[in-house]
Each structure stands twice: as structure tokens, then as C-alpha cells.
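Below you'll find the structure, written out as C-alpha cells, and then a few comments.
The values are calculated or read from the model by the stated rules, or taken from the named source; none is laboratory data. Predicted model, so just to flag it, every value in this text is computed and none were measured. Every residue, glycine among them, receives a Cβ derived from its backbone with ideal geometry; neighbour counts consider all protein chains shown. The accessibility values were calculated without ligands, DNA or RNA, using every heavy atom of the protein model including side chains. Shrake-Rupley method; radii C 1.70, N 1.55, O 1.52, S 1.80 Å.
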Amino acid sequence: MQEKDIPAFLVTHRPNVFYLSGFTGTSGFLLVTLKEALLFTDFRYLQQAGAQAIGFEIIKVGSPAGYFGVAEQLASRGLKKLALEESHLNLREYNMLKEAVPDVELLPVYNFLEELRAVKDEQEVELIARACHVADEAWRDLLPQIKPGMSELEVAYELEYRLRKRGSEKLPFDIIVASGKRSALPHGVASAKIIKEKELVTVDFGATYGGYCSDMTRTFILGKPSEKQLEIYNLVLEAQKIAFGLVEAGQRCAGVDAAVRQYFQKYGYDSYFGHGLGHGVGLEVHELPTLSPKGQGVLREMMVFSIEPGIYIEKWGGVRIEDLVVLHPDGLQILTKSSKVFEL
Ligand code: ZN
Ligand code: ZN
């Protein structure tokens, strides 16, 4: 904040509120100055805020968007400039804030805390590793149960049950189960479609542990794959290995993505890889860094991110393989450990 000449910062995005304060309530925001940290919340969360947000002054507000309290705090400190999270304040909230602090300069900032969150500490990596472990165990347990005739929804339900039973908190996202032609949909949330033999099936899912997410995708087939199915699967698997080999501190995020695209291009499949190679995972399932053609910056030690190449062919099907990795000072560690067996 000092570097960017920010005397006060209004933090409204829940993962960022939790990251800084430890507060898990669904209503509340922070006002951070260079010297002090304040948490505003309403009656329902006062006790909880006191217990969780150690070092924060807790201020009771009348309604969830009690920005008028902020005005008072800024005025009493003589602060005339307030940074806000431009991606996380809607127009109504922004207008309310403006009304509450008419004499204060509002300074929108982008990805300020998100950039800090991209680099994890040991404790955060441990929580993500545990979330990955929960997902691995659930997957290992489910795999032998998947049979032709089950619907995608049924597979998703059985998986969610196993994730929850092993201690996952709220799932980080709706489980993706996409079979047959639907596997060409990169984000094909489970449907009522019945899974048949010899169809590609893509399952993308995660667990949450201590607030931290995991993210993994496996693609398999019930029965013998065709030559083309096997070819595409092996291409994606090889692409992932190439990416693993390139991941190191200082490497450009867009560079790893480009290498995979070049590899697919050699076989004429680059246009079938329509999304980024990977994304950071932490308190949110999609966060920095961004490994895509548009990805900014470089990979740094203690970043946790996915490597998920895929090939999607309309009206035919698709394959994605996704693992979560941490870039340790001594190299890459793969956190998701589920086997990549293709033929079930
Ligand atoms: Zn995923
Ligand atoms: Zn992902």
C-alpha cells in the first residue's frame, strides 16, 4: 500500500477478507490503513468476527453495506483517499460508497490482493494438498463403481457423496461429468445423459479443505478405445508432460501455454485446444497465475496452479487431463496423485 500510495484500502471480496483476517462470515468487509485493520460486520457475526479476526478492530454496522461507518473512520483519521477492489464491487455498492464518502478520492485497484494470494505459504500448500488428497481418495473409491447405464448426474452424485464423506467442505464448483459427444464441452456440467460403453468420459472436480480448493480432471473410457480415442488421449497426456517439464520459477506463464499449443499444432490439433493451459488454485478455484496466451507475468516459487491441456472435437468428443502442482523451491511437485488409467 505504501509503494502504491494507498493510505486506506476497502476490502470487500470474501476470499480476500478471509485471507487477511481469517473471518469466514458471509457479510462483512475490511478497512485496512497503513497502521490499523478494521472489520465491519453486522450483529449476526460480531462474536465470530471477534474470535476469528485477531488483531482487527470489530465495528458493528446496521446493514451489510454499511459504508457510512467507513466515512466516520476515514474522517477521524484525516484520510482522503480510499482504494477499492474494482472487480468486486457492484455498481450499487459503488454508488452507495460514493454517497457515503463524498469528499474521499476513490481509487479502483485491480488484482492487488490476488497477486499476493498467488504465492502460497507452507500452511496454505498443506491445506491444498489435503483437499487434493480428499479428491484422490474419493476418486479411487468411485472408479470401480462406474458402469455403463449410469447417468452423468448419478456419477456426479456418487462422487460428491464420497468427497463430502471424506471431509470436503462445500465443493469448489459443480462437478463436470461429460460423456460421449458431450465430452467436447470443456465445462459440461453433469446431465441426465446415460453413459455408454466405448464413450469418452471427462470428470472434473475438486474438494475444499480449510477453505482451500483442489481441482483435477480425469478422462476415461468404459471398454476398448478406438484408435483415434487412444491417439487423442496420448497426445493430451504427452502435452501435459511437456508442460510439467517447462514449469520453473522465472518461466513466463504464457510461455508454458505456448509450448503446449505448438505441440498440438504439430499434429493439427491446436485449434481444438480452446482454453488456457492452467490457472492458480487456492481460496478460489480460479485465481492467479493465469497460464494462457494472455497470461501475464512469470511463474514464481510457491505458486499452486493446474496444468490441464485438452482437445475438444465437436460432435465427436474430447479429452482433458488436469493436475494441480506446486512450484517448490526444489522443483515441481504434483499434488493430485490419482492414476491416469484410460481403459476401465
Ligand atoms: Zn478442473
Ligand atoms: Zn482447472
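Enter the accessible area per residue of segment 82-159 (Å², integer; probe 1.4 Å; all protein chains in place).
Per residue, segment 82-159 has an accessible area of 52 Å².
With θ set to phi - 60°, apply the Karplus curve 6.51 cos²θ - 1.76 cosθ + 1.60 along segment 281-287 and write out the HN-Hα couplings as whole Hz, x wherever there is a Gly or Pro.
Computed from phi, the couplings for segment 281-287 are 9, x, 5, 10, 7, 10, 9 Hz.
Putting +1 on Lys and Arg Cβ atoms and -1 on Asp and Glu Cβ atoms, find which of 240, 225, 209 reaches farthest to the positive end of the dipole of segment 186-240.
Selected residue: 225.
Please list 3J(HN,Hα) in residue order for segment 123-134, calculated via the Karplus relation 6.51 cos²θ - 1.76 cosθ + 1.60 where θ = phi - 60°; whole Hz, with x for glycine and proline.
Ordered by residue, 3J(HN,Hα) equals 5, 5, 4, 4, 5, 5, 4, 5, 4, 5, 5, 4 Hz.
Does segment 8-117 classify as rounded, prolate or oblate by the C-alpha gyration tensor (a ≥ b ≥ c root eigenvalues; a/c under 1.5 gives rounded; else a/b over b/c gives prolate, otherwise oblate)?
rounded
Note down the net charge around residue 315, summing +1 for each Lys or Arg and -1 for each Asp or Glu among other residues with Cβ under 15 Å from its Cβ.
Cβ neighbours under 15 Å give a net charge of +2.
How tilted is helix 253-266 with respect to the longest principal axis of the chain? Cα atoms for both, answer in degrees (0 to 90, nearest 10).
Its long axis makes an angle of about 20 degrees.
Whole-Hz ³J(HN,Hα) for each residue in segment 289-297, computed from phi via Karplus 6.51 cos²θ - 1.76 cosθ + 1.60 with θ = phi - 60°, x for glycine and proline: what do you get?
With coefficients 6.51, -1.76 and 1.60, one gets x, 10, 9, 8, x, 8, x, 9, x Hz.
In Å², what does the accessible area per residue of segment 194-344 work out to with a 1.4 Å probe?
Normalised by residue count, the accessible surface of segment 194-344 is 40 Å².
Can you give the accessible area of residue 303 in Å² (nearest 10), computed on protein heavy atoms with a 1.4 Å probe?
Ignoring ligands and nucleic acids, residue 303 comes out at about 10 Å².
Ignoring ligands and nucleic acids, what accessible area does residue 187 show with a 1.4 Å probe (Å², nearest 10)?
The accessible area comes out at roughly 120 Å².
Could you work out what % of the accessible surface of the chain is carbon and sulfur, using a 1.4 angstrom probe and leaving DNA, RNA and ligands out of the count?
Answer for the chain: carbon and sulfur cover 52 percent of the accessible area.
Determine the sum of side-chain charges near residue 221: Lys and Arg each +1, Asp and Glu each -1, restricted to other residues whose C-beta is under 12 angstrom from that of residue 221.
Once positives and negatives cancel, what remains is +2.
Say R0 is 45 Å: what FRET efficiency, to the nearest 0.05, do residue 262 and residue 98 get from their beta-carbon distance?
0.40
Run the 1.4 Å probe and let me know the accessible area of residue 121, rounded to the nearest 10 Å².
Counting only protein heavy atoms, the figure is 70 Å².
Run lengths n ≥ 4 of DSSP H only: what is the helix-derived mean residue ellipticity at 222 nm for the chain, with -39500 (n - 2.57) per run over all residues, to the nearest 500?
-10000 deg cm²/dmol
Find how much the distance from residue 192 to residue 2 grows on full extension, using 0.36 nm per residue of separation minus their present alpha carbon separation; answer in nm with one decimal.
Gain in length upon complete extension: 63.0 nm.
If each of residue 87 and residue 126 carries a label point 7 Å out from its Cα toward its Cβ, how far apart are those two points in nm?
2.8 nm
Taking all protein chains together and a probe of 1.4 Å, list 339, 21, 271 from the most accessible to the least accessible.
The ranking, largest first, comes out as 271, 339, 21.
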